[in-house]
1. Does ILE306 meet the test of being open to solvent by less than 20 Å² (accessible area, probe 1.4 Å) and under 23 Å from TYR484 (Cβ atoms)?
2. So is VAL598 surrounded by 24 or more Cβ atoms within 10 Å (Cβ to Cβ) and outside any helix (DSSP H, G or I) or not?
3. Taking the stretch 455-481 as the region of interest, how many residues are among the small types (Gly, Ala, Ser) and part of a strand (DSSP E or B)?
4. Looking at the stretch 502-530, which of the residues that are among the aliphatic types (A, V, I, L, M) and open to solvent by 10 Å² or more (accessible area, probe 1.4 Å) is nearest to the chain's Cα centre (by Cα)?
5. Scanning the stretch 329-351 for residues that are among the hydroxyl-bearing types (Ser, Thr, Tyr) and open to solvent by 10 Å² or more (accessible area, probe 1.4 Å), which turns out farthest from ALA312 (Cα to Cα)?
6. If we scan the stretch 314-323, do we find a residue that is open to solvent by 10 Å² or more (accessible area, probe 1.4 Å), acidic (Asp, Glu) and at pLDDT below 95?
7. Mind checking which residues of the stretch 311-352 are farther than 30 Å from LYS487 by Cα, among the aliphatic types (A, V, I, L, M) and touching a residue at least 40 places away in the same chain (Cβ under 8 Å)?
8. Test of understanding: among TYR484, TYR545, which residue is assigned to a strand (DSSP E or B), open to solvent by 10 Å² or more (accessible area, probe 1.4 Å) and in contact with a strand residue (DSSP E or B) (Cβ under 9 Å, 6 or more places away or on another chain)?
Amino acid sequence: MLGVIGAILVIGGATFAYLYATTKIPNPEDTALASKTTVYYSDGTTKIGSFAEENREIINCSTLPNYVGDAIVSSEDRSFYTNKGIDLGGIARALWNNITTGSRQGGSTLTQQYAERYYLGETTSYLGKLHEAVLAIKLAHTQDKSTILCNYMNTVYFGNGAYGIQAAAQTYYGVDAKDLTVDQAATLAGIIPAPSTWNPYDNPKQAESRYDRVIRIMKEDGYITAKQAQDAKYPEPIPLKTFNDFAGPNGYLLTTVENELVGNKAFTKEELETGGYKIITTLDKSMQSQMQAVGDERPAGMPESIQVGGIATDPRDGSVKAMYGGSDFLAHQLNNSTQATFQPGSTMKPFGLLGAAQDDVSFNTLFNGNSGLEFETTPGVYADVPNALNMSYGNINLYTATAKSVNTVFMNVNEHLTPEKYAKIVKEAGITSKINPDTLYNILGINSITAWDLAQGHSTIAGDGVKHTLHVVATVSKDKDTLYKAKDDATRVFDANDCALVQKAMLGTTSAGGTAPTLQYEIGRPIAGKSGTANDETAASFVGYVPQLLNVWAIWNPGEDGSAQQVPAFDGWGVSSTGYPSHLCAEFMRQALEGQEVLPFPTAEDTGKIGGPEGNWGIGGGSSAATQQQAVPQTTENNNDSKDKESTTTGDGDKKETEQQTQPAPQPSPTTPVTPTQEPTTPAVPSQEPSTGPTTPSTEPTTPGGGTGQNPGQNPGQGGTTGGTTPQTDQKGAGE
C-alpha cells in the first residue's frame with residue numbers, strides 16, 4: 001500500500017512538474033484584455049460608436065480607491081493575499097460535492113477565476129479545471145497580487161452586458177470606477193457569483209443581501225472601520241439604460257466601416273471587436289447630420305413603404321463624406337446606400353456620352369430626337385422606343401439630348417457604341433453591379449444598382465477621368481501607432497477632356513430646359529446633374545455634383561414581397577415622383593456647400609468630328625434611327641399650339657433641322673440663375689429583354705394629361721414646358 005501511495009505521489013508530482021513546465025502564460029491581448037474599438041468622424045474626436053463583443057473598457061487600477069479591490073477580495077477570496085494561487089481544501093470540497101450531489105460547484109480562488117477569465121475563457125471540464133489550477137499556480141509565482149487583482153477586475157462579468165469594473169460602474173451607477181463609493185463597490189462585488197440573476201435590476205433583494213455580506217466581511221477583515229460599516233447603506237442603481245451603438249442611423253455607418261475593413265482583409269471581424277483600435281472615418285459630422293435630416297424628411301402623403309438612399313463623396317479622392325442608409329438600423333438593417341438596389345434609369349446615360357467622346361464624335365452632332373423610333377434592341381428583336389410622355393424634339397445635338405434626357409438619341413448612341421462597349425465603359429468607371437452587355441436598353445439604366453455604385457461610377461467622370469475607390473475609413477490606429485491608412489489608388493481610366501465634355505453636357509440638366517431646371521438656382525452655383533426614372537416608375541434617382549462634392553439620391557417602392565412597385569404621387573410631386581430626388585439633392589447640397597468656394601468646372605474642348613470620324617453618327621448615319629423619317633418636333637397631343645412647340649424646341653440643334661449644329665448650349669453662369677421649367681419624365685422601357693419574342697413599349701405617356709407646369713398640384717412633373725422668368729424654388733416634380 002505504501003508503495004502504491006508512493007508511486008501515485010511520484011507520478012502525480014512528475015505530472016504536475018510536466019504541466020507546470022509546459023504551461024505557457026498566453027498573451028492576454030488575445031482574450032480578456034480585449035477592449036472595444038471606437039469609430040470617429042473625420043475630426044477624430046466626435047464618436048460614432050464602437051465595436052465590441054462585450055461592453056468593456058480596460059482601466060489603470062492605480063486610479064481606483066483601495067476599497068474597490070478590497071470589496072472584491074472580501075466577496076470572492078478572503079485568502080487571496082496569502083494563498084499560492086489555489087485552495088486545495090476548497091477544491092476537495094467542491095470535487096466531493098460535485099461527485100456526491102451531481103452539482104457543478106466551484107472551488108476556485110480569485111487567481112483561478114482570473115486565469116479562467118483572463119486567459120482561458122470559461123472552463124467547465126475537469127481537465128480544463130486542472131489546466132486552470134496549474135496556470136493559477138504559475139501566475140501566482142510570476143505576477144504580483146496587485147496585477148492579478150487588477151486584471152480580474154477588468155475582466156469579470158457584472159451582468160447586463162457589463163464586463164469589467166469600469167463598465168459596471170457606468171451601467172449601475174453612471175460613474176467612472178474611480179468614483180465608486182464603498183457601498184457601490186460592495187454591491188458590485190457581491191453580485192459576481194451570479195451577475196445575471198443577483199444584480200440590482202433583476203433581483204434587488206438578493207443584491208442587497210449580498211451587499212450586507214460584503215460589508216460585514218470588509219469590517220471583519222479590517223478593510224473598513226466599524227463606523228463605516230454602521231453608516232453603510234445599500235445604494236440604489238440608476239435606471240437601466242438600453243443603449244446600442246447600432247441604434248438609429250449609426251448602425252449603417254458602423255457596418256459600412258466594418259465591411260470595408262473586413263472586405264479588404266485589413267482586419268478580421270474579431271480583431272475589430274476586441275482590438276481596442278481607434279478608427280477615424282472620412283465622414284464629415286456636419287454633412288452627415290445634414291444628409292440624415294434630408295433623408296429622414298417624409299412629406300405629407302409619402303407612403304411608408306418608400307425607401308430612400310443617398311451618398312455624398314469627394315470625387316477628387318474617393319472619400320465618402322456622408323451617407324443615408326435609413327432612419328433606424330435596428331428596424332431596417334438593409335443599408336439603402338450600400339446594399340439596397342434600384343433601377344437607375346437615365347442616370348446611366350452619361351456613360352454613353354463618354355463613349356461618344358471616346359469615339360471622337362462631336363457633341364454638336366445632330367440626332368433624330370423624335371419619339372417612337374424603332375430599334376433592334378437585341379439581335380432579331382425590334383421595338384418602338386418612346387421618349388418621356390411621347391415627346392418629340394426633332395433633330396437635336398447631344399447637349400440638348402442630355403438636358404432633356406431624350407431616350408431615342410441615347411439608343412441611337414448605343415447602336416454605334418454597341419451594348420458591349422457601353423457595359424465595358426461602365427465597369428471601367430468603377431461600377432461593379434452587373435450590366436447586361438447584349439441589349440441596347442442597358443444605356444437606359446435597366447440593371448439594378450446601389451447608390452454607392454452609382455456614385456462610384458459618376459465620381460470617376462466628376463474626377464476628370466481618375467478613378468478613386470470610394471472609401472469610408474481614413475485610418476486605424478492603436479497606442480499612437482497607425483496600423484491602417486486608406487490607400488491612394490488613383491487610376492486614370494478616361495481622358496480628362498472627354499470627361500469634361502460629359503460634365504458640360506450634364507450642366508444642361510440643371511439649366512433652363514433641363515430636367516432639373518431649378519437646381520443651380522437653389523444651390524447658388526453651377527452643378528452638373530442627371531435624373532433617372534426606372535421602368536414602370538418603380539424608382540427615381542438623381543446624381544448631382546460640383547468639383548469637390550458629388551451627391552446621389554434615390555427612392556424606390558418595394559412591395560411586401562420585395563417586388564418593385566410604382567412610386568405613387570405624394571405631396572405635390574409628380575406621379576413618377578422623379579423630381580423628389582433632385583429636391584433632396586438641392587436640400588443637401590445647399591447646406592453642405594455653404595461657405596465653400598465655388599470651384600470652376602474644367603474647360604472642355606469639343607474637338608470631335610460632326611457625325612464622327614467616318615460621318616456615320618447622327619443624321620444621315622447608318623443607324624436604324626437615322627434612316628427613319630425626320631419629323632418636325634412635337635409635344636404631346638394636348639400641347640400643339642405654336643407657343644408649346646417653340647418651348648420644346650429651344651436649345652441647340654433646334655433652329656435648323658437640316659444642318660449640323662456647330663455651337664453647344666452655353667454653360668450657365670454661377671451669378672446668373674437659370675429660368676426653371678418643367679420637363680417630362682422618363683418613359684417606361686422593358687426591364688429585361690423577353691425570352692419568347694419582342695416587346696414593344698407603349699408610345700403613349702403612362703399618365704395622361706399634364707398642365708402647364710406652373711401648378712405643382714396639377715400633375716406636377718407631367719406637364720408641359722412653359723417656363724417663367726423668375727426662378728421658382730418651390731417648383732416640384734420637374735422630373736426627367
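1. Working: open to solvent by less than 20 Å² (accessible area, probe 1.4 Å): yes; under 23 Å from TYR484 (Cβ atoms): no.
Answer is no for this residue.
2. Working: surrounded by 24 or more Cβ atoms within 10 Å (Cβ to Cβ): no; outside any helix (DSSP H, G or I): yes.
Considered against the rule, which asks whether it is surrounded by 24 or more Cβ atoms within 10 Å (Cβ to Cβ) and outside any helix (DSSP H, G or I), VAL598 comes out as no.
3. Of the stretch 455-481, the ones among the small types (Gly, Ala, Ser) are 455, 457, 459, 462-463, 465, 474, 477.
Those left that are additionally part of a strand (DSSP E or B): 474, 477.
Qualifying residue count for the region: 2.
4. If we filter the stretch 502-530 for residues that are among the aliphatic types (A, V, I, L, M), which is where we start, we get 502, 505-507, 512, 516, 519, 523, 527-528.
Right, trim to open to solvent by 10 Å² or more (accessible area, probe 1.4 Å) and you get 512, 523.
Working: ALA512: 34, ILE523: 25 Å.
The extreme case among them is ILE523.
5. The first filter runs over the stretch 329-351 and keeps only residues among the hydroxyl-bearing types (Ser, Thr, Tyr), leaving 337-338, 341, 346-347.
Going one step further and asking which of them are open to solvent by 10 Å² or more (accessible area, probe 1.4 Å), we end up with 338, 341.
Working: THR338: 12, THR341: 17 Å.
Out of the qualifying residues, it is THR341.
6. No: zero hits.
7. LEU330
8. Of TYR484, TYR545, the one residue that is assigned to a strand (DSSP E or B), open to solvent by 10 Å² or more (accessible area, probe 1.4 Å) and in contact with a strand residue (DSSP E or B) (Cβ under 9 Å, 6 or more places away or on another chain) is TYR484.
The values are calculated or read from the model by the stated rules, or taken from the named source; none is laboratory data. Predicted model, so just to flag it, every value in this text is computed and none were measured. Note that we place each Cβ from the backbone using ideal geometry, even for glycine, and neighbour counts take in every protein chain shown. Each accessible area value is taken on the protein alone, full model and side chains, heavy atoms only, with ligands, DNA and RNA left out. Shrake-Rupley method; radii C 1.70, N 1.55, O 1.52, S 1.80 Å.
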